[in-house]
């Protein structure tokens, strides 16, 4: 555990020393929230059940999810590919550090950054836009964010295992998530999309994550257990494929 703690500390220090990664992971979701609130914050949305809510109550959890995915999927996949292709993992495998410390340390680092994003979004939504989570629903938000972060960490490791080079990692990660943001309720409320597109998005991992996080802000009559189950299932798929295809040595050279 001491070794794991030192590994997480080193990974967090390395993360803070990469300005481009820090910007796209931490600051970009906050900038998007501020811009979308300035443009659409005064509008209302009619939910599937007929309830009408201010769009702010959908945007704050949606961009919170975006921040968590940026930390646990995009940044994780890019970091793992870079370390593999530069030979870092190959060299470290020759040290006394166990393999699980390297992998779990990177995942824990992503979880810490994801939790930081949640705190920032909670504070910004509460104090800047008056969008608050009732205390009774806060445990659900924390649990859903942790489950979502772990699931997308597994998917990030899967993407890293399938990515052929460090040059391909950033565009590939963004090509995967950006279309999902548009059809899963992050940039556009899913209620505003064509029904067929919303049905497709509901089976993909981002929309269930948005739904379980939004429930804490806009509680429905029933808990979104189906969405939570889909999120766990996607995480399991990512873990299986990542375990199967992961390698310590560079794919090139």
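No value in this document is a laboratory result; all are computed from the given coordinates. Everything quoted here is computed from the prediction, not taken from an experiment. Note that each Cβ is placed from the backbone with ideal geometry, even for glycine, and that neighbours are counted across all protein chains shown.
Is the C-alpha gyration tensor of segment 114-203 telling us rounded, prolate or oblate? Criteria: a/c under 1.5 is rounded; beyond that, a/b larger than b/c is prolate, otherwise oblate. Because a/c hits 1.5 or more and a/b fails to exceed b/c, segment 114-203 counts as oblate.
Relative to the current alpha-carbon distance between residue 138 and residue 244, full extension at 0.36 nm per residue lengthens the span by 34.5 nm. For segment 94-253, the average shadow cast by the Cα convex hull is 11.7 nm², which is a quarter of the hull's surface.
Computed from Cα atoms, the angle from the helix 2-16 axis to the main principal axis of the chain rounds to 70 degrees. Compared with the dominant Cα axis of the chain, that is its longest principal axis, helix 225-245 is turned about 20°. Each peptide in 178-191, 26-39 receives the mean, over its residues, of other Cβ atoms within 10 Å, and ordering these scores from highest gives 178-191, 26-39. A helix-only calculation puts the chain at -22500 deg cm²/dmol for mean residue ellipticity at 222 nm, using -39500 (n - 2.57) for each DSSP H run of at least four residues, averaged over all residues.
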